[in-house]
Amino acid sequence: MQNLITKTVNLRGGTPESKKAEIRKYFLKTWEIDEKLYTQLVDDETFYLRGDPLRHIILFYLGHTAVFFINKLFLAKIIDCRVNPAFESIFAIGVDEMSWDDLNERHYSWPLVSAVREYRDNVKKVILDVIDRTQFVLPIDWESPFWIIMMGIEHERIHLETSSVLIRQLPLDKVRSGCFWEICMDRGEAPSNTFIAVSGGEMRMGKPLDHPYYGWDNEYGRHVEKVEDFRAGRMLVSNGEFLNFVNDGGYNNKIYWTEEGWNWRTFKQAQMPLFWRKNAEDYLLRLVAEEVPMPWNWPVEVNYLEAKAYCNWLSAKENKTYRLPTEAEWYRLVEVSGIHDMAEWEKAPGNINLEHYASPCPVNKFRNGDFYDVIGNVWQWTETPITGFSGFHVHPMYDDFSTPTFDGKHNLIKGGSWISTGNEATLHARYAFRRHFYQHAGFRVVESSTPLVLENNEYETDPEVANFCENSWGDTFNAKENFYKRLADYILNLRKGSVKEGIEHAQTRRVLDLNADTGRLAFELAPFFDDITAIDFSARFIRMPIQLQEKGFMRYIIKDENDLVLYRELVLAETGLGVGKENILFMQDNANNLKSIYTGYDLIIAPNLLEELANPVVFLQQIHERLNPGGTLILASTYDWDLNAINQENRPGGFKRDGEPVTSLEGIKAILEKNFIFDRDPINLPYILRKSSRSFETRLSEITVWHKR
């Protein structure tokens, strides 16, 4: 397996030809390791099991990494056709128990494992073809097509690790050992852990834009933090150390747990770490594909809530202040330990990058200066909820990688584990999980009397999202007319008119809003309809109305004048809306490739959607399949086909055919007339896009109404 060991690619040096060959090799090794992981399942039936009830079945992840490549390459217009649209819908989304994730098994008709493997083979050929034929210049940066290839590769390496955690949670008789890397055989009693003084310093964090390695959006930007002196455990907390907490009744004493932690422990009825097994008087440890006698000298693997409870227990026992390190303190440990980034390794200086074992190993095996396991072995939970550094902005091809986790509920893990490879094994890596989730993660204890100050920015600072919040809800702060309110009024008046006329299609119960944005239209309509599904392509946007729905408020920051900003706090109850909010289901999906579950609607609304789609013609050709007989389709569009540089063959109009002009409405009529009746003259509503307090862009959106034949 050593021939599969590699490091993430330096994207700035060499020649285009050599770099293309290097990336091709990196892709092939990544693909092979990923497929090797699943050889640990005993049969194809095991793919249909869930390792964790908050995750999809295992088969999803076999398909997901391949689908990710195609969806991103298609979005970036590097390829112009899909491989399997159905697969590229059902395997697209579902990572982190967000309320817009769909984990309802009744909504899926999972394909055969053989079909998914065949799909992966086809995708592999497409990716290799893209690599071989795509021209680029060095350095490779965010604008390069090869950045999208690297995005797919590094995404697959993330799932190499997260899928291994899910396999680790399958029944033991559903996995087989000896099919992956070799596990560590060095097991014994826990070594004595001690605390070492660490001097403070000013930590400068954030990855420069010209860094030679691929990075996820949350790594970039700037953040300076003063770290005070602290003391840190020489080693990660071992299974043997954690046993003292277990034996002392730590899992049954509420005083040691945070409120969130105690709620989790009570719900789970946890009495020990997830991967521990009790056999009479002996303990066993569940690894990915086997159980072994408990290695007390290996690091304990727990979630944040358990790690925090241990620190509180230790504080009470020793009358000192113990906690987990912050992100800045972890970087200080890296600095004082003389740890270098991946490029400078001859061999990994810790149990990381699959260069040593396919399991954890003793906590006193890999020394870094005065400490052990500053990187590698298992991830290390921190006290720091993830948020963006100053200057953070999203990559347009993966705009919801980070921002859905900027909610104060996802804590950073640092340092990597034995199976962390690629970007995960670099020092700038920033990954975060919900506090009750499990990864191959443990913790180090620090002692510090300095009050813990955590930055949890509750205000949405993404300029695009914040401006759309203002576009949707800004009329609650000023007198400007609101597009979504006027569109809702138009729709409700249509409904009233239909009721008066006794038209059959007036019996509207189920509504599909196909460009939910930040949710204003759905909230306007909620009191009048029984069932509204509001879908948006981006989790960055859909999480805002979900917060409104669940918490009753949202906050965002918008540009005022030059360097001045406005802080907005929107309280749903104060808007006059909120009645019927329980009728709305907000979800993330691609309107150009919707899951089959989104069907059977009486009314479908597509507000300013067509111009955002990769192929509006296909959408128009297929949308009738989602409507009930007699159902209504309402389109609102500015017909701005240049917005996403939509190819002429994919848009309904706005061009000349045979020397004659074809307007967009004429083109839409030609497509829809087979399945729809065009109802009434169009109207135009102004659609105002905010840039700052003194800069607005006004577009006219044409509203058309269609009834299904």
task = Would you check which residues across region 530-546 are closer than 11 Å to Asp589 by Cβ and part of a helix (DSSP H, G or I) and list them?
result = Ala539, Ile542
task = Answer with yes or no whether Pro652 is under 32 Å from the mean Cα position of the chain (by Cα), crowded, with 18+ Cβ neighbours inside 10 Å, at pLDDT 90 or above and on the phi < 0 side of the Ramachandran plot.
result = no
query = Quick check: is even one residue across region 174-186 among the hydrophobic types (A, V, I, L, M, F, W, C), in a helix (DSSP H, G or I) and surrounded by 15 or more Cβ atoms within 10 Å (Cβ to Cβ)?
reply = no
key: Pair list, Cβ < 9 Å and 6+ apart or interchain, from region 332-346 residues that are closer than 12 Å to Ala232 by Cβ to residues that are aromatic (Phe, Trp, Tyr) and buried (at least 18 other Cβ atoms within 10 Å of the Cβ)   = Arg332/Phe230; Leu333/Phe371; Val336/Phe371; Ser337/Phe371
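One line per residue, one yes/no per condition, for (1) assigned to a strand (DSSP E or B); (2) without any contact (Cβ under 8 Å) to a residue 40 or more places away in the chain:
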| position | (1), (2) |
| --- | --- |
| Met203 | yes, no |
| His211 | no, no |
| His223 | yes, no |
| Ala232 | yes, no |
| Glu241 | no, no |
| Val246 | no, yes |
request  = Can you tell me which residue within region 23-51, out of those that are farther than 20 Å from Val116 by Cβ and either touching an Asp or Glu at 6+ places or on another chain (Cβ under 9 Å) or touching a residue at least 24 places away in the same chain (Cβ under 8 Å) (or both), is surrounded by the fewest Cβ atoms within 10 Å (Cβ to Cβ)?
outcome  = Arg24
ask   = What is the one condition in (1) part of a helix (DSSP H, G or I); (2) closer than 23 Å to Tyr598 by Cα; (3) at pLDDT 95 or above that Pro111 does not satisfy?
value = (1)
inquiry  = Among the residues that make up region 271-289, is at least one of them farther than 22 Å from His436 by Cα, modelled with pLDDT of 95 or more, over 34 Å from the mean Cα position of the chain (by Cα) and part of a strand (DSSP E or B)?
reply    = yes
ask   = Has region 678-701 got at least one residue that is surrounded by 15 or more Cβ atoms within 10 Å (Cβ to Cβ), touching a helix residue (DSSP H, G or I) at 6+ places or on another chain (Cβ under 8 Å) and without any contact (Cβ under 8 Å) to a residue 60 or more places away in the chain?
value = yes
remark   = Taking region 359-377 and keeping only residues that are buried (at least 20 other Cβ atoms within 10 Å of the Cβ) and in a loop (DSSP other than H, G, I, E, B), one is left with Ser359, Pro360, Cys361, Pro362, Val363, Lys365, Phe366, Asp373, Val374, Ile375, Gly376, Asn377
task = State all residues of region 11-22 that are buried (at least 17 other Cβ atoms within 10 Å of the Cβ) and part of a loop (DSSP other than H, G, I, E, B); if no residue qualifies, say none.
result = Leu11
message = Residue under question is Leu170, and the condition is that it be outside any loop (DSSP other than H, G, I, E, B), crowded, with 17+ Cβ neighbours inside 10 Å, out of contact with any Cys (no Cβ under 9 Å at 6 or more places or on another chain) and not aromatic (Phe, Trp, Tyr); does it hold?
response = no
task = Could you tell me which numbered condition Leu633 fails, if it satisfies all but one of (1) in a loop (DSSP other than H, G, I, E, B); (2) closer than 28 Å to Gly600 by Cβ; (3) under 34 Å from the mean Cα position of the chain (by Cα)?
result = (1)
request  = Answer yes or no: is there a residue in region 641-658 that is β-branched (Val, Ile, Thr) and touching a Phe, Trp or Tyr at 6+ places or on another chain (Cβ under 7 Å).
outcome  = no
key: The lone exception for Asp52 - which of (1) outside any helix (DSSP H, G or I); (2) modelled with pLDDT under 95; (3) more than 27 Å from Asp173 (Cα to Cα) it fails   = (3)
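The values are calculated or read from the model by the stated rules, or taken from the named source; none is laboratory data. A quick note: this is a predicted structure, and the numbers were derived from the prediction, not measured. Cβ sites come from the backbone with ideal geometry, for glycine too, and all protein chains shown count toward neighbours.
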